[in-house]
Amino acid sequence: MIQNIDGVIFDVDGTIWDSTEVVQKAWNQALREEGLGSCHVTADDLRGLFGLPMKAIMERVLPKESEETQDRVAKRCFRYEHEFLAKEAGSIYDGIEEMLRRLSARYPLYIVSNCQAGYIELMLDKTGFSSFFKGHLCPADTGLLKADNIRRIADENGLQNALYVGDTLWDESASREAGVAFAHAAYGFGTAKAPDLIIHKPMDLVDQLL
């Protein structure tokens, strides 16, 4: 059990919800309209990409296209993603709401994601989870990527022993770089090498921290 945690910071995709089934529809429509339908993406493709910086994701989706084309297509993909998710929410993992409710009564909770502007706010609106969190950051807010944003959330809120909860190796790496403990959400999209804590379902975190 991790001792003396004074705040918990969460990833979004693969940790709080899974939006990939909706996002694939949005992105594939954008790709078709851009004349790039041969670059069709699946939900599984996206599960392997989410967590990377947005620029890195587009480089992998459109490896043969110029940076200018990648940037243009990304804008359309992200606009459609927002529109689609505003109508059809992602799938919330079982037990997340109860876990957040119980943890927020004891610890301040935050979100840090490498997502685009507005995505965290949309997720909070669709899930109704806003009241559980004290704040959130993404690259659009600060110009920084995940590790620096984790550190910034911790520093700005006086957290001496924060825990980051995420589902991928990239989350684990960002946590190490930020100097905070890492809990691997093994029910999510990816793997981890040497997490401080492993949770196989959301309520495992309650059992470990309360």
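Contact map, the range 164-178: residues that are over 18 Å from Ile5 (Cβ atoms) paired with residues that are of a type in the set (Asp, Glu) and open to solvent by less than 10 Å² (accessible area, probe 1.4 Å), Cβ distance under 7 Å, separation 6+ or inter-chain. Pairs shown: Asp167/Asp11.
Taken as a whole, the condition of being open to solvent by less than 60 Å² (accessible area, probe 1.4 Å), among the β-branched types (Val, Ile, Thr), in contact with a Phe, Trp or Tyr (Cβ under 9 Å, 6 or more places away or on another chain) and in a loop (DSSP other than H, G, I, E, B) does not apply to Val23. Taking first residues from the range 56-75 that are in contact (Cβ under 8 Å) with a residue 12 or more places away in the chain and under 14 Å from Gly35 (Cα atoms) and partners that are open to solvent by less than 20 Å² (accessible area, probe 1.4 Å) and not in a loop (DSSP other than H, G, I, E, B), the Cβ contacts under 6 Å between residues at least 6 apart in sequence or on separate chains come to Leu62/Gln70; Gln70/Met58; Ala74/Met58.
From the list Leu100, Leu124, the one residue that fits, being touching a residue at least 24 places away in the same chain (Cβ under 8 Å) and not β-branched (Val, Ile, Thr), is Leu100. Would you say Ala117 is open to solvent by 40 Å² or more (accessible area, probe 1.4 Å), among the aliphatic types (A, V, I, L, M) and assigned to a helix (DSSP H, G or I)? No; evaluated as a whole, the condition is false for this residue.
The values are calculated or read from the model by the stated rules, or taken from the named source; none is laboratory data. Just so it is clear, the model here is predicted, and its values are computed rather than measured. Note that each Cβ is placed from the backbone with ideal geometry, even for glycine, and that neighbours are counted across all protein chains shown. Note: areas computed on protein heavy atoms with side chains; ligands, DNA, RNA excluded. Shrake-Rupley method; radii C 1.70, N 1.55, O 1.52, S 1.80 Å.
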